[in-house]
Each structure stands twice: as C-alpha cells, then as structure tokens.
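Chemist: Handing you a structure now.
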C-alpha cells in the first residue's frame, strides 16, 4: 500500500523547509567567517528553538509522561543530537556548505548499520544497492582524488579531511539517533521530544562555549546577520516541521527534505561565492537522488 500523495501545499512547505535548513547553514558560514564559533551558534540556535517549541508544548497542553527508561534514553539521544549539531556546524565551518551537507547525507547508511548492530535488523536489498551508489556520488562530490582541483589526493585530503571527518561523525550520530528514537522512545510525543532535546543541546553547547572562554560574537554586521538568520531559519523550520507538517498529512521526515544540499549549493554559490566543479555537482545529484529514492521507497 502506498502512502497518500502529498498535497501541493504540503509539497511547497517541504520544499521551503529544505531551503530554510540549507539557508541556516549558509548563514552559519557568514557568522563563522566573522568570529562566531560553533558552540556559540549551536547555543543560540538550540536555545531559541527549545523556547519556541517549549511554549507550544505548554500552550497545547502536551502531557509530560515518560517512564524512567524513556527519560534515560531521551537524555542519551539529546547528547547524541548535541554531538551531531556541533559536528555538522564544525564541518560547515571547514568545507563548502553543500559538500558538508552531502557528507552528512550519508546518515541513511549509518541508520542501516546501527539498526543491524543494535537490533539485528538486516538492511533491505534496495538499501544495500544504494550504499555504494551514495559513496560513489560522495567521492565525486568531495573530489577525493583531487582531480577536479588539480591538487592531487594528498593535498585535497589535507584541505578537506577534518571537515569530512566532522560531517561523517554528524551523520553517524544522527543515524544512531534515528534508530534509537524509533525503537525506544517513539511513544513520547514528538513535540515534547523536540523541546527536551533542543533544551539539552543548548545547555551542553553553552557548557562547551564557556569552557572555551565564553560566547564568541560577531565582529561586524554581516556576522550579526548570519547569526540572527541561522537562528531564525533553523528555529522556524524546526517548529514548522513538528507542528504544521502533521496537519498537512506529512508524517515523519520526507524525501523532499533531502534537496537541502542542492538548495545550499545554489545559495552558497550566489551569496558566498563557493564554486564547485561540474563533476562535483554530478556527484551531489547522485547522492541526493539516491537518498530521495530510498526515502520514497520506505514510504510505500
């Protein structure tokens, strides 16, 4: 049985959300270029999101019911989301935005791996076929052999290695979050899960920021605009995803949201002057297309 066809309103909302999430990372790069550090960005972004979603939880009278096991698992999941958030922003600070998001888009492979390791679930045939395709597209997008840049493999990896490592860590963390959430705490209301998770992420990021000498704020107006926009874009998109989408008939994540790297690629080219070679664009399309096909298959 197939899932219901998306309405035009739901489709456009999802497309807008993908652009907003992509724009959040482009805005973050403006902030990072102007003195803001990763911990400061995550602190403000998560704190505002937690406040907004927390108010919605209070206003909609969502029941705060969790047993002891669920509380422990939610705490662990929140720590993993903090790792994912800090790692992904660290990747965005070191790589072209689109490439950081593409490396992060390997999370479905990590989801399959964690599901196999923790719950003995074998990945289906489509996922097994998709994995090498995603890796091939990612290799092209990252220019792992340095052919497009002309630098050679060693010089290319010295330039992108740390950023790719952070993006992969973010993908692995997010994949683990998806698996554990599905199996252990799916019964907790999504709005409550989101509010608690964002609050914990904000607190942990603030602790990291204070340990590094305090919040690092921008030095000039472009950095302030970047910091404000990353907070507004992420907070708005995050809130809409958990409040409006269910009313539009969209349950859970949608494959359409995976166009985020493409949207970020266009915005980063227009606003940051980040250019990538045609073969890297081809790799990006392979990754995004394969992940979208996987998502569409799972909705059947």
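The values are calculated or read from the model by the stated rules, or taken from the named source; none is laboratory data. This structure is a prediction, so every number in the text was calculated from the model and none was measured. Counting neighbours? That spans all protein chains shown, and the Cβs are built from the backbone with ideal geometry, glycine included.
Chemist: If you check residue 122 against the conditions, is it surrounded by fewer than 19 Cβ atoms within 10 Å (Cβ to Cβ) and not in a helix (DSSP H, G or I)?
Modeler: yes
Chemist: In the list 57, 79, which residue meets the criterion of being surrounded by fewer than 23 Cβ atoms within 10 Å (Cβ to Cβ), part of a helix (DSSP H, G or I) and modelled with pLDDT of 95 or more?
Modeler: Matching residue, one of 57, 79: 79.
Chemist: Pick out the one residue from 150, 175, 161, 137 that is loosely packed, with under 15 Cβ neighbours inside 10 Å and assigned to a helix (DSSP H, G or I).
Modeler: Residue meeting the stated conditions: 161.
Chemist: Restricting to the stretch 179-207, what's the tally of residues that are closer than 21 Å to residue 120 by Cβ, touching a residue at least 60 places away in the same chain (Cβ under 8 Å) and part of a helix (DSSP H, G or I)?
Modeler: Final tally of qualifying residues: 5.
Chemist: Moving on to the next point. Looking at the stretch 208-230 only, could you name the residues that are in a helix (DSSP H, G or I) and under 14 Å from residue 33 (Cβ atoms)?
Modeler: 221, 222, 223, 224, 225, 226, 227, 229, 230 - these are the residues of the stretch 208-230 that are in a helix (DSSP H, G or I) and under 14 Å from residue 33 (Cβ atoms).
Chemist: Go over the candidates 88, 101, 16 one by one and state the one that is part of a helix (DSSP H, G or I), within 28 Å of residue 291 (Cα to Cα) and more than 14 Å from the chain's Cα centre (by Cα).
Modeler: Being part of a helix (DSSP H, G or I), within 28 Å of residue 291 (Cα to Cα) and more than 14 Å from the chain's Cα centre (by Cα) holds for just one of 88, 101, 16, which is 16.
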